[in-house]
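Pasting a structure here, questions to come.
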Amino acid sequence: MDVEKLLEDAQDEPKGVVARSADGRLFFIPDVEAKRLVTQDSKLYQAFIAASGGTRPVGTSNALSPCERTRIWLDTHSPNSAKWRAICLSYFDNCA
């Protein structure tokens, strides 16, 4: 199999990123959409990601602790809001 030929033939395929959601689904996000959807990075968001250790709570929402539900909420909402930042600070004060 000629990999170079395959890559050359695939030049018209859209470029982008593959992202995995919290529930494990994979999504292809074309570069055009990724540029439109980019969120501002912050030290608070980086600290949250580091504190979560890359693990995801498993279970029904009723069985999860308030800290686990808060972590899921933070992990699934845009960090570009005052509400997200306030909830994240509360998460660090009470859960991390």
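So which residues in the range 80-89 are in contact with a Ser or Thr (Cβ under 6 Å, 6 or more places away or on another chain) and at pLDDT 80 or above, if there are any at all? So that I can check it myself, show each step before the final result.
Narrowing the range 80-89 to residues in contact with a Ser or Thr (Cβ under 6 Å, 6 or more places away or on another chain): 80.
Scanning the range 80-89 gives no hits.
Right, something else. Can you tell me which residue within the range 57-74, out of those that are surrounded by 15 or more Cβ atoms within 10 Å (Cβ to Cβ) and in a helix (DSSP H, G or I), is modelled with the highest pLDDT?
Within the range 57-74, the subset surrounded by 15 or more Cβ atoms within 10 Å (Cβ to Cβ) is 57, 64, 68, 70-72, 74.
Of the ones still in play, those that are also in a helix (DSSP H, G or I) are 68, 70-72, 74.
Values: E68: 85, T70: 88, R71: 85, I72: 81, L74: 85.
The residue in question is T70.
Oh, and also: In the list A50, A22, which residue meets the criterion of being within 22 Å of W84 (Cβ to Cβ) and modelled with pLDDT of 80 or more? If you could, list the steps in order and put the result at the bottom.
Numbers: A22 fails: modelled with pLDDT of 80 or more.
The match here is A50.
Further question on the same structure: Out of the residues in the range 75-87 meeting the condition of being within 15 Å of the chain's Cα centre (by Cα) and closer than 14 Å to A51 by Cβ, tell me which one is surrounded by the most Cβ atoms within 10 Å (Cβ to Cβ). Full working, then the answer.
The first filter runs over the range 75-87 and keeps only residues within 15 Å of the chain's Cα centre (by Cα), leaving 75-80, 84.
Narrowing further to those that are closer than 14 Å to A51 by Cβ: 75, 79.
Numbers: D75: 15, P79: 18.
Among them, the one singled out is P79.
The values are calculated or read from the model by the stated rules, or taken from the named source; none is laboratory data. Bear in mind that the values here come from a model prediction, so they are computed numbers and not experimental data. Cβ: placed from backbone, ideal geometry, glycine included. Neighbour counts: every protein chain shown.
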